[in-house]
Structures are given as structure tokens and as C-alpha cells.
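The values are calculated or read from the model by the stated rules, or taken from the named source; none is laboratory data. The model shown is predicted, which means the values in this text are computed figures rather than measured ones. Cβ placement follows ideal geometry from the backbone for every residue including glycine, while neighbour counts extend to all protein chains displayed. Just so you know, the surface numbers come from the protein's heavy atoms only, side chains and all, with ligands and any DNA or RNA stripped out. Shrake-Rupley method; radii C 1.70, N 1.55, O 1.52, S 1.80 Å.
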Amino acid sequence: MAIIEPPRFSDRQAHLSEQLQLLNQFEYSDLEPPDVQQHWKQDRETRITARLLDTIAAALATGKPGEVFAATFDSRNGLRLVLAKNEDVTDEGDRAVREFFQAIIAPETTEAYDVLPSLFSRCAENIMKRIEMMGRAVFGFSCVLDEAYSDYYPSASIEPEELPHSTAYRNTKYGGYLLPSLQSALRSSDGYHEARSKIQPAKSLSDAKPLCPIVFARLVVTAATFNGSRFLRRLTDFPSSMNFDWSLQTGPLKRHLAEVLQYTLGVDKLIKHAKLHFPNGIEHRWVDAFQGIGETMLNLDDGYVEPILRALGCGDVSEETLAKLCRKFPNMGEMRRRSRCVTIRLHAEIRILLYLSNPVDASGHYQQKPIGCSERTCLCCTLWIRAYNQEFGTNWLASASNGKPCATWALPGCSFAHALEKGGRSVIDEAVVE
């Protein structure tokens, strides 16, 4: 991996990485990034395909920091799955793909619980991260729960109105009777804490393998029950009726519940789809390595004053402004020093798009082309793909954006013949740089 000092590297890339790192440290997030609600623009078949692709990518993710997988279908010369990774693909990674596909089409496999042991053998750490995030979202939602619930009128019918498909949950926890209150049930974190204590990272999974699927199954029953509850549906279906605090907490809760459920409900749907359409196995290939595009380490300025001045485009900043920043972000200096070395790489979604795109041939450009991802798409990928679609009339749709800047994002640049170049710069890159 090359280590290049900013003056010897592309000034634009170094400047962009510096700004992204700064925004990240300031906890910036675009709450409504372009196309973050793009799933509403998708037709039904595209939505189904996108969910399947997201599940495939998630099933490959180990939870290793910085590791991201992306997937899409290529219909040229027969349907084939195309995979990409934002790092080098290893033999072990390719073997994991083949073993997972063999497991989901095996005659004895009928549902996700049949492949949970193999999923835990690879994805335990990533699943644990999702459970942690779900636990935080539950805690955040509990802060506004009473206020939101005070304006809610529950239905007299538990099923199918109030808690659809909740028989298993109610039988296990409450003997089948009506819940004491939805607030109490949502605050009940038994399943979360049990899973947290029993689901171990991959390095120590051997001691917990027999118990992991059982514990995870209990957590999933709870998560699925509340993910489909009428109360949460009401909050998410009518966002205009919510106050701002409710909307800030409800969105993350629904999202993190769904991310945990992807390993069961999502895999269930993938198994059915694969057995119907790929009974002999799913053919796949990895995106070829791009010449000259690899990991590059940038050593950024370890202070924060100069980067702030460059970001603001001014020669000075008042002491009062710096004092306010220090009060709001007291650890800013230490964070900056710890994260001054940034390893940039071409993100997996962009690799797939560039690998499969052919702007010269406009046939099929109108078709929606979903890209599944093991993590939500960063703000830069969202902006870049949006600009690419506008420039070439394509219709690529990546996973919903998290609205956050990612300092590891590498400019694709003019390394590709079809990335329009004007004045030595990529027109598509400018949509991010600006």
C-alpha cells in the first residue's frame, strides 16, 4: 500500500479527504441527502431485487473495520451476480461466497435458521455491531416513547391489528395474553442483553456456536414483533404528524431493527428466490481490479486550525469561533491527531457501476439498476452516483444513504475512459468536490 504525502498526491484528493475528515469529526450528517428516499422511486421488482442484493452483501460482511461489499445482477449473456469489495478480494472471501450460495440452495435448507450457524461463523462480529446499534436505537426511542404513545389509541385487536404475527412472542413472554403496555414491552431489553452476552465475535465463536442461533432467534422474534407494530407503523407512515424529536428517534429504530432482521427475514426471502430462480446455484464474478486504483494512505495535517481555514477559504478565524468549537468538541485536537492517517479507496458501489457501465451504448439506460451494499451508502457515493445518472442518463440505485461523509472516499477521477473529462478534471467528480 502506497504512503503518499499530500503535496505529492492529487491536491484535490488531499483537500477533499481533509474536508471529509473535518466534517466527520464535527459529526456532520445531511439528514436529507439526495436520493436518500430513492426506494420510493423504485418499482416493485426493483425494490425486491434491491433487498435481495443487500442481504447477499450483508451475508458476506465480517464486521472488519472499513470492509464493505456490494452486489448487483448483470443480465448480459445470462443472469449473473457481480460482486465488489472496497479492498482486495481474497481466496477466503470467494470461498465464503460459494459456501453461502451452496448452503441456501441445499435441499435441507428451508429457512434462515438452517444457515444461521454458517452465517455466525463469518458474520458474528457484524451481527453483533447491528445488535449494539439496535440497542442504542431502542434506548434513544425510549426517551420519547411516553410522549409519542400519549397521542396513540391502540386497537382492541392484538392480531392482526396491533401486533401482527406476534403469537410466538406473546406466548413466550406473556403466555399469549395482551401485553401489559407497549411502552413496557419496548423497554424490555432482555433479548438484547442476552444476545449481547452470548453472541461473541468470530475469534471466540467456537465456544458459543450451539447457543448463538437460539439466542439470536429469541431476539429476532422480539425485533420482528415491534418492527411490524401498528404503533411504529403509524409514526413512520405519517412523519408530518410527528414532532422533530419523535422523527429523529423513530427512523433509526426502524432502520436498525430492519438491519438485524436482514439476517433472518431477509435470508428467508433470499432462500426462496434462489431455489426458484437459481436451483443449480448462483453464478458470480468479482469486479476486476482497476489499474492504478488501490489503497493509498494520506498523512493529513495533525492540527485542526489550518484545515478549518482551508475549508472556510479564509486566512484567519476569530478566537471566539475557535473557542466555540473547542467547547462543543473538546476532544477535537486529540481526535484529529489520532485520525490524521487516512487510507482512501474506491468504494465498492462505484467499482460495480464503473465496471458494468457503458455510456456509449445507451440501450437499457432507462432500466433501474439496484446495487446492494453491506452498509448504507455514504454521502459522497450518493452524490457521485446521482451526478453520473444525470450526466449519462443511467438509472443506478444504490442502498439508501446514511447522509454521512466518509474520509476514506477516493475520487474515481479520469482513470476511466467514460468518466467525462474537462480541463483535466472529471465532471462527475466535481459534483462531490464542489
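Data overview
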read-out: Accessible solvent surface per residue of segment 64-126, calculated while the other protein chains remain in place, 1.4 angstrom probe, Å²; value: 48 Å²
read-out: Ranked by how many other beta carbons lie within 10 Å on average, peptides 251-258, 342-349 from highest; value: 342-349, 251-258
read-out: Chain lengthening between residue 434 and residue 139 when straightened (0.36 nm per residue, less Cα-Cα); value: 102.5 nm
read-out: Packing-based order for 396-402, 18-24, using average beta carbon neighbours within 10 Å, highest first; value: 396-402, 18-24
read-out: Paramagnetic label zone (point 7 Å from Cα along Cα-to-C-beta, residue 27; backbone N under 15 Å) in segment 50-87; value: none
read-out: Accessible surface of residue 273 - all protein chains present, 1.4 Å probe, nearest 10 Å²; value: 50 Å²
read-out: Filter on 269/369; 129/369; 85/369 - keep pairs with C-alpha separation over 23 Å; value: 129/369
read-out: Segment residue 155-residue 114, length gained on full extension (0.36 nm per residue, minus Cα span); value: 11.2 nm
read-out: Chain lengthening between residue 102 and residue 11 when straightened (0.36 nm per residue, less Cα-Cα); value: 28.1 nm
